[in-house]
Amino acid sequence: MNNLILSNSFRFISLVLLQVLILNHINLFGYLNPLVYISWVFLFPIRKNKSLFLITSFLLGLSIDFFSDSGGINAAAILFIAFFRLSILKAILRKSDFDYLLFNLRSLSIDKIFLYIATLTIMHHFIVFSLEYFSFNAFITVLKTTFFTSVFTIILSILGIFLFTKKK
Amino acid sequence: MQQLIYFIKKFRYFLLFVLLEILALIFTINHHSYHTSKFINSANFITGGIYNKMTSLNEFFILKTENKLLIEENIQLKNLLSKQGINAPKENYYVNDTLKYFQQYEYSEAKIINNNFTKINNYLTINKGSEQGIEKDFGIINSTGIIGVISNVSSNFSTVLSILNENSKINIRLKNSYHFGTLVWNGKNYNVLQITDIPRQAIIKIGDSIITGGKSAIFPEGINVGVITDFKLENNQYKEINISLFNDMSALGYVQVVKNLKKSEQKNLEQETTNE
């Protein structure tokens, strides 16, 4: 249990630093910055009690907002996907109830992992960019940016998850 | 009462979610409506400190370009100085000790420790704050052009509303005439900005230089901004005047903070005049 708290705190801090010091300055093709910090939501252990998960996700988003001067955009978006994570996972696995404690993302098949990560990423990015542009006139731009940034984020997070987590 | 408690218990995660989401949206809307966010900004001890550490590491790699810029500015200033010598007649030339009395602008140096140019609303962070005499609405320039206006100040750091921001509006004018307009950004290319409100009487050509207008009490008059690259003429009105910046907004290092010493005097006078 203690080990779990330690490793999650470590992950929290390293995701914030990775995002604000490196990934926010990549600017691929001039404007694409992957938002890999949402791997927090993919990897956080699934429990019946969700309050800790919701609060830490909110704080993670808020820390990113502090660094990038963006109001509460990232906090709102990551909180949204944090709340809907379990329902999406259940829909993808087609199970109404599963063993929370033994759940491990790496034990799923690759297409399920991809579907899970892609759905959450696209939801998150759409909220982030809608709130950032904050106008209906920019709808096409929002969709375009959402799509390209999502592709970039999905590739990086899947690679990251396969490199840095253990398969039991 | 029992039912209320049961209701809260049943929907406690949903209620927590809604509560936090509303909090985040309040921050977002605050940010969009006041142009500066009161709580969520990178001008604080932790974020400023981390950016500062990171910049001192990066600084090593930009020394070469910084030096080149300094030399260019030196040459420009020396040229200006040598022109002064010719223009000023000897008999009228005197040294005034009470320089401060007539001085309107004061410059100090600062360093950009966080630079953004890809979003639609970009903010920068500099390593000086209220303890170094920085206040809200001071201008930020460098040797090649203007960069932005201070928006939030903490004791040792400040955030800057970049000219690459939807809320930034800066008074500019043509170099060869006194027609003035407003510098805005459409959020597309970080090197191309737009000018609005140019009166149709103004004659503009591609390649005309744009300088600051000096009407806003933030920037002194005559700082270089950029050149006109293209424009459209519809119904005798200028539309979509694009300018390309002299400044490379993607590579900013050391900058100068401009303090207008007579700002409050000007503002008070203008306030009184409109109140009458």
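Every number in this text was worked out from the coordinates using simple rules, so none of it is lab data. Just so it is clear, the model here is predicted, and its values are computed rather than measured. Cβ coordinates were reconstructed from backbone atoms using ideal geometry, including for glycine residues, and neighbour counts include every protein chain displayed.
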Lys, Arg +1 and Asp, Glu -1 on Cβ, resulting dipole of the protein assembly as shown about Cα centre, debye, nearest 20: 1920
Averaged over the residues of B:183-189, the number of partner chain Cβ atoms within 10 Å of each residue's own Cβ comes to 1
When ranked by the protection proxy of mean other Cβ atoms within 10 Å per residue, highest first, what sequence do the peptides B:193-202, A:122-131 form? A:122-131, B:193-202
Over 12 Å apart: what share of the alpha carbon pairs of the stretch B:213-267 falls there, rounded to a whole percent? 77
Set the bar at 21 Å for Cα to Cα. Now go through B:K136/B:K263; A:K90/B:K9; A:K50/B:K119; B:K64/B:K111; B:K128/B:K259; B:K188/B:K259 and name every pair that lies beyond it. A:K90/B:K9; A:K50/B:K119; B:K188/B:K259
Chain B, helix-only ellipticity at 222 nm - DSSP H runs n ≥ 4, -39,500 (n - 2.57), divided by all residues, nearest 500: -11500 deg cm²/dmol
Per-residue average of Cβ from other chains inside 10 Å of A:129-136: 4
Which part of the stretch B:140-157 falls in the paramagnetic zone of B:E106, meaning amide N under 19 Å from the point 7 Å along Cα-to-beta-carbon? B:140-141, B:150-151, B:153-157
Hey, got the Cα dimensions of the stretch B:1-81 along the principal axes, in Å, largest first? 83, 29, 17
Hey, got the dipole for chain B? About the Cα centre, +1 on K and R Cβ, -1 on D and E Cβ, debye to the nearest 20? 620
By per-residue mean of other Cβ atoms within 10 Å, what is the highest-first order of A:63-76, B:137-150, B:236-249, B:42-55? A:63-76, B:137-150, B:42-55, B:236-249
Burial-style ranking of A:79-92, A:45-58, B:6-19, average other-beta-carbon count within 10 Å with highest first, yields A:79-92, A:45-58, B:6-19
Debye log10 I(q)/I(0) for the stretch B:151-276, one point scatterer per Cα, at q = 0.15 Å⁻¹: -0.80
Consider just the alpha-carbon atoms of chain B and return their Rg together with their Dmax, both in angstrom. 23.1, 95
How many nm is it between the label spots at A:T141 and A:L86, if each spot is 7 Å from the Cα in line with the beta carbon? 3.9
Calculate how large, on average over all directions, the projected area of the Cα convex hull of the protein assembly as shown is; give the answer in nm² to one decimal. 30.6
How large is the dipole of chain A about the Cα centre if only Lys and Arg carry +1 and Asp and Glu carry -1, each at its Cβ, rounded to the nearest 20 debye? 760
How large is the Rg to Rh ratio of the stretch A:1-126 when both quantities use alpha carbon positions and Rh follows Kirkwood? 0.97
Segment B:K9-B:N167, extension gain: residue separation times 0.36 nm, minus the distance between their alpha carbons: 52.5 nm
Computed FRET efficiency, Cβ-Cβ of A:L32 and B:K267, R0 41 Å: what is it to the nearest 0.05? 0.45
